[in-house]
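J.: Handing you a structure now.
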Amino acid sequence: MELKTEKIKLSGEKLLRDLSIALKEKSGWILSLIFALVIGYSVYLWYIYAFNPTWDDAKKEEYIKTKQSDANFNEDMFSAVIGEVRQRKSNYQKSLNNVPNIFKFK
């Protein structure tokens, strides 16, 4: 039994042409696959960060304490701001009859 073999001739130009034709024919499927992979990876990341936090109880308590200390109400500062707002309101409501006209020529 004698087998005849032929030498396979590969041409870069033909290979690129065949590859581009295959990509054109399957581009819808390829884009759909890439889109599905990106959506799947995004859902995976969202699930990991939203439902599986990596903080232990000590870190959670530390975070809660820092947020509670940031939310203290400073009543003195609030009263000072309210007083300043009332002062501005009273200055705004004063009569402007006594103001000299600086645009009047003599």
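Read the figures in this text as sums done on the coordinates, not as results from a lab. No experiment lies behind these values; they were computed from the predicted model shown. A quick note on method: Cβ atoms are made from the backbone with ideal geometry, for glycine too, and the neighbour counts reach across all protein chains shown.
J.: Give a quick list of chymotrypsin sites (Phe, Trp or Tyr not before Pro) in segment 1-59 that DSSP marks as loop, anything other than H, G, I, E or B, with at most 14 other Cβ atoms within 10 Å.
T.: Trp55
J.: Here's something else I'd like to know. Short version: ³J(HN,Hα) in whole Hz for each residue of segment 21-35, in order, from phi by Karplus 6.51 cos²θ - 1.76 cosθ + 1.60 (θ = phi - 60°), x for Gly and Pro, what are they?
T.: 5, 5, 5, 5, 5, 9, 4, x, 5, 5, 5, 5, 5, 4, 4
J.: Also, I was wondering about something else. Filter the trypsin sites (Lys or Arg not before Pro) in segment 1-32 down to the DSSP loop ones having no more than 15 other Cβ atoms within 10 Å, then list what survives.
T.: Values: sites: Lys4, Lys7, Lys9, Lys14, Arg17, Lys24, Lys26; in loops: Lys4, Lys7, Lys9.
Hits after loop and neighbour filter: Lys4, Lys7, Lys9.
J.: Under a point spin-label approximation (7 Å from Cα along Cα-to-Cβ), what is the Lys67-Ile21 distance to one decimal in nm?
T.: Calculated label separation equals 6.2 nm.
J.: Using Cα atoms only, what is the angle between the long axis of helix 57-70 and the major principal axis of the chain, expressed in degrees (0 to 90) to the nearest 10?
T.: 30 degrees
J.: Additional query: State the extension gain, in nm to one decimal, for the chain segment bounded by Ser32 and Lys7, taking 0.36 nm per residue of separation less the distance between their alpha-carbons.
T.: So the chain would gain 5.2 nm between Ser32 and Lys7.
J.: Further, regarding this structure: Run lengths n ≥ 4 of DSSP H only: what is the helix-derived mean residue ellipticity at 222 nm for the chain, with -39500 (n - 2.57) per run over all residues, to the nearest 500?
T.: -24000 deg cm²/dmol
J.: Also, I was wondering about something else. Mind listing which GluC sites (Glu not before Pro) in segment 1-80 are in a DSSP loop and have 12 or fewer other Cβ atoms within 10 Å?
T.: Here the sparse-neighbourhood loop sites are Glu2, Glu6.
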